[in-house]
1. Between C:I199 and A:E207, with labels modelled 7 Å along Cα→Cβ, what's the label distance in nm to one decimal, could you check?
2. Around A:Q370, under 13 Å between beta carbons, what's the net of Lys plus Arg minus Asp minus Glu among the other residues?
3. If we count other beta carbons within 10 Å of each Cβ, what is the order of B:M138, A:M460, fewest first?
4. Taking a ≥ b ≥ c as the square roots of the Cα gyration tensor eigenvalues, with a/c under 1.5 meaning rounded and otherwise prolate when a/b beats b/c, else oblate, which class fits the protein assembly as shown?
5. Okay, helix-only estimate at 222 nm for the protein assembly as shown: each DSSP H run of n ≥ 4 adds -39500 (n - 2.57), divide by all residues, round to 500 deg cm²/dmol; what do you get?
6. Give me C:L53, C:L144 sorted ascending by neighbouring Cβ count inside 10 Å, so fewest comes first.
7. Spin-label point model (7 Å from Cα, Cβ direction): what's the B:R184 to A:T493 distance in nm?
8. Sort A:452-458, C:129-135 for me by packing, meaning the mean count of neighbouring Cβ atoms within 10 Å per residue, highest on top.
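Laboratory data are not the source of any read-out in this text; all were calculated from the coordinates shown. Note that the coordinates shown come from a computational prediction; the quantities given were computed from them, not determined experimentally. Glycine also receives a Cβ, built like all others from the backbone with ideal geometry; neighbour counts cover every protein chain displayed.
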Amino acid sequence: MANFNFKIVAAAIVGVAISFTPSAAFAQTTAAVEITPDTPLEDVGRENTLVLGWSVSSPVGVTNPWAVPGYSSSEGNSLMWEGLMFYGIFTDQDIPWLAESIEYTSDDYTSLRIKLNPMAKWSDGVQVTSKDVVFTMEGQMNNDLLRFNKTFNTFVDSVIAVDDLTVDVNFKVPAPRFKFDVLTLKFDTGMPIVPAHGFDGIDNVNEYAGGVDLPHTGPYDLVAWNQNQKIYNLRESWWAIEAGLSEVPDVKRVVIANLGGTIGQNMDTVAQRLVNNEMDSALDMRQDLIASILEKNPNITTHSGSEAPYGYLDWWPNALWMNTEEGQFADVRVRRAVSLAINREQLNDILFDGAEIATIVPFPLFPGLQKFMDTDGVQALIAKYEPGKYDLDEVASLMSEAGYTKNGDDLWEMDGETVDSTINGFEGIHSDSVPILVEMLRRAGFDASTNFGTDAFQNMADGAPGLYMFGHGASLKDPFATLDFFNSRNAGTAGEPVGAYQFARYSNPEYDEILNAMSVIPSDDPAFEGLATQALEIYWRDQINVPVIQWVHRIAYNQTYWTNWPTAENVGVGVNGAFWHKTSPLVVTNLKAAQ
Amino acid sequence: MTISTAPHKPQKTGWLFPFLRYLGRNKSLGIGLVILLILVAFTLFGQFFVDPKDAYPLSVPSKRPPSWEYPFGTDFYGRDLMAAMVVGMWQTAFIGVVAGGIGTFIGVVLGFVSAYFGGWVDASIRTVCQILTPIPVMLIQVVVAGSLDKRSVTIFTMALIVVMLAWMGPTLVIRSQVLTMKERQFVSVAKLSGVSDMGIIFKEILPNLLPFVAAAFVGQIFLAVFAAFYLAVLGLGPLREPLLGNIIWLAQSQGAFFNGWWWWPIIPSLGMILILGSLALINMGLDELSNPRIRRSE
Amino acid sequence: MISLILRRLGFLMLIIWSASTIIFFIPRLSSVNPVRERFAELSRLTGYAPDDLEKIVQSFNKQFGLDLPLWQQYIDYLGNVITLDFGYSLNRYPTTVVELIAQSLPWTIGLILFATILSFIIGNLLGAVAAWPRAPRWLRNTALPFVLLMGVPPVLVGVLLLFFVGFQLKFLPLGGAYSIGLLPEMSWSFALDLLRHQILPALSLVLGSIGGWVLTMRGMGITIQGEDYVNFAEHKGLSGHRIFFDYYLRNAMLPQVTAFGLALGTVVTSAIIVEGLFALPGVGTVLINAIRANDFPVIYGIVLFITISIAVIMTLLEFLYPLLDPRINNE
């Protein structure tokens, strides 16, 4: 029997050994897959470290903003890159940064002059000059993988370095929004300046990871990156200190803790880790969760303190988008019926504890946009179209008019087909709202269900039957950028997939004409408001999509180790507190150590 | 030694009382059956007391702790959890029994055929099983569920997706049991005395296999409910239905524990533990029933 | 014996080829394009929304050979299977599949092996004891709570552990492979930190899976007790633990060994979701991301890696089977 036992043991050992063979094969073929510091990191202490929770998704080592599609500007990389100018949404002020000034030099907005800050330096000590700006802009113009490629080609005629610190941009057509849309960093958008000398000898700039080698201007340097976390250290020689734009930041180290999974999963664990002071901030939360966090840890606060909605408006209001070109939602009466089926008051009650977050417009109600909403013209439209109306009787009459009848399941049906109202959405961010919307639609007779599956985005891009819960990332000051999503130029080709924000596939020459007229005038032009009102009328008349909720960033700010977070009472430089936005250097460098 | 080990067939008259007395001796079977009967009664009679519509969102005030009006409380979306449990228990049981039943049936038939007849039949069945078993079933379920039109993902299609690749386990286990059993004395004796293949299968081997078949059935129900749960976790199930897995996942996604809404995840979790726990107990009891040599004499 | 081994190896190749083929075509049933998914993710998370996404997607399709006919991609793919190199991840470009696996594999292997072996041993012993008439009553009953626990999927055990142990007691970490801000190093303090972070995830896998072993083992055990050779051994007057280990446990274990290979697959499945719950950066986390984005090179790489490992182990068990039960031979 002893012999027999020996056999088992021997076999078991062989088994385990063989099961490792494939892993050995993998291990052999692989090179370094992590960024590790050459020398062990010095211990700066928890009190000097800012810990931020995020689900890191970009490939290890990609810090080059031109690496497409690897680079993500969230996940801490925004701490490395700066733009010509920042914009403080809460103060409505430009914050000159790498540029001392950006001025339009002609009345018709066809030329613009950038004056660089002479103190600005790259992390390797080289001065930031007009050469870098020209390199950045020409890159955008010639490289069709980059974010602003089409914008540059639409507007920009030439970029000329006048001297070391001055750049002139000449436009083909009036470009009143170019300075704000492209040259200014705010929220998730704007163009960071990249180093001309950092790309010397690089054949394909879109494949170059960047790693720790690429010179940058931002205050923090990447020192370690693995599956568990990313670590950034403060660079004491950051140019903005010497230039007097910033004091020496208290935050010596930033750790982005990888929460794994996709954004928004397992948020109660994240919440508990915040309460345990393991993290100082993390991605944004659903309302009830953040209320509980505040209750459990009095050191944690939010943008609006401990008052609902525990945050600020983000620029991403969500709507139920649909294919207006073909399928069941091509009929405007059906689209209108979807809107009438939604009880926005009930949404506010259930999702937001009564705070008024449900919306009737596709743009965020920041001060400038709220002012537009309050104009007589828009108010008259609201009275005329009642975009927020909830009325099941009217749903019934519209659907009957469109040729639908109720079937045995109490669902609208035509030629044996119910209205496919599957809501495609994203689990982490929509699991509170979409099930409620599904139920509202079902009660109105739409064959609704939830799809948080792998194919959700693909369905949106393909224009598949159903509804698409998605935001609008565009307007901040005036409604142009959001309304421009419905310009025919964004309608795509029937049967071919389209990009984000083009899901409506709406085309209407009358609408295009209004938008094209708006694009060449600034929002303070007297004609602008009238045009915007006309466009909004068409948006509501044709119910291009169904706006549902404003997007609220409910971010926890833990004050155990760090104070001076940007809040409604303490707006600071005026940027929002999301550490994943392009304005994050201003948030992080302004934090004060609490201990 | 006796050849047949089949359980005694109860007499037509007066079987109930001895049966109950037997349950008194076979405690795990007794307890398991009692729990299962209570659950069945709960979901069956519950249908008369609750409005199944209340199992769906927006039916009742949300986030209420258990009270006289809502014995199990209500959830974030405005479901009455009492109604949700009645409907969800029914649906969970449906998936389990349909998927488990089909899976076990296929497994038993194939396992038998394979082990008993041997040769190329055995070789081909075994080959197919061995090719399929190392493939992580979940991936295939996920991709299939993911590529289906969401409106056609119903309770029934869930069961079919789950069963699609769930029959190899029972096949292999039954096959290996029949293999050992074939070598045993009583089967050889029966073969020598000219009993037909079918006779041997149904009279000699099958009764001895009952504990394994039952265990396989319970195992299949576990797998079915697990798989349904995983699909729910990935957002691929019929999300609107109050399946126990869906309720737990939704509770988790809204941070129910952290927010202090403990009843929301705990009640369906308990329901799940009870369903599968009772089946496990019954399974243990069945072992005793089918193997009379170890029936307790007390 | 040599010919047997050759035949088995040939069979193993057949398994790998069939599995590779099935796995190749399944993700292709879906129309989800991983490159577009990455842009979708960027547009959701960072506001990156290129004006002409389709042009970009097309150029990537061309670069990765996705515009070739499917059969040609299949041939290329079989070549990749042989070298175990699946090139770039389409969703995490420019990371290669091998890099992704190498980054995440250690976390998963550690977790799975630890949890499976632990639950196999504990579960089978408890199951055998539960069916063993001579064991003391209290010992027989220890199996019961685990049988009841198996009603809870590991991920749910994880959720409950997180809440009742992690949130309330506050001495076990709630997530991550090691403490935030540390970097891996060879030191006792780091090893200890690492271990502390594995406790809750491993427990979630173990607690729920012990019951399964207990239950089937008990079924086997009861049947085998009635067997002649066990009775005979008892009459011969062999000592209790001798009968338990040599006659009873050994024979009852037979079907369990087959089940062990099967269980690996199940545990992998559970580990995939449990990893996500505890923010462990393992293969499961990578695979789930890949499935969500239909990043098929990564799906191929990971699924085949798991499949081949399991197939190898199961082939080995086929060899082991006649060693364990002399009544059967492989011929």
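1. 4.8 nm
2. Working: positive: A:K371, A:K477; negative: A:D92, A:E356, A:D374, A:D478.
Counting the neighbours of A:Q370, the net charge comes to -2.
3. Values: B:M138 24, A:M460 27.
Sorted ascending by nearby Cβ count, the order is B:M138, A:M460.
4. On the way: a/c = 2.10, a/b = 1.69, b/c = 1.24.
The shape class here is prolate.
5. Values: 43 runs with 602 residues, N = 1224.
Mean residue ellipticity, 222 nm, calculated: -16000 deg cm²/dmol.
6. Working: C:L53 22, C:L144 18.
Fewest-to-most ranking of C:L53, C:L144: C:L144, C:L53.
7. Placing both labels 7 Å along Cα→Cβ, they lie 7.0 nm apart.
8. The densest-packed peptide leads the list: A:452-458, C:129-135.
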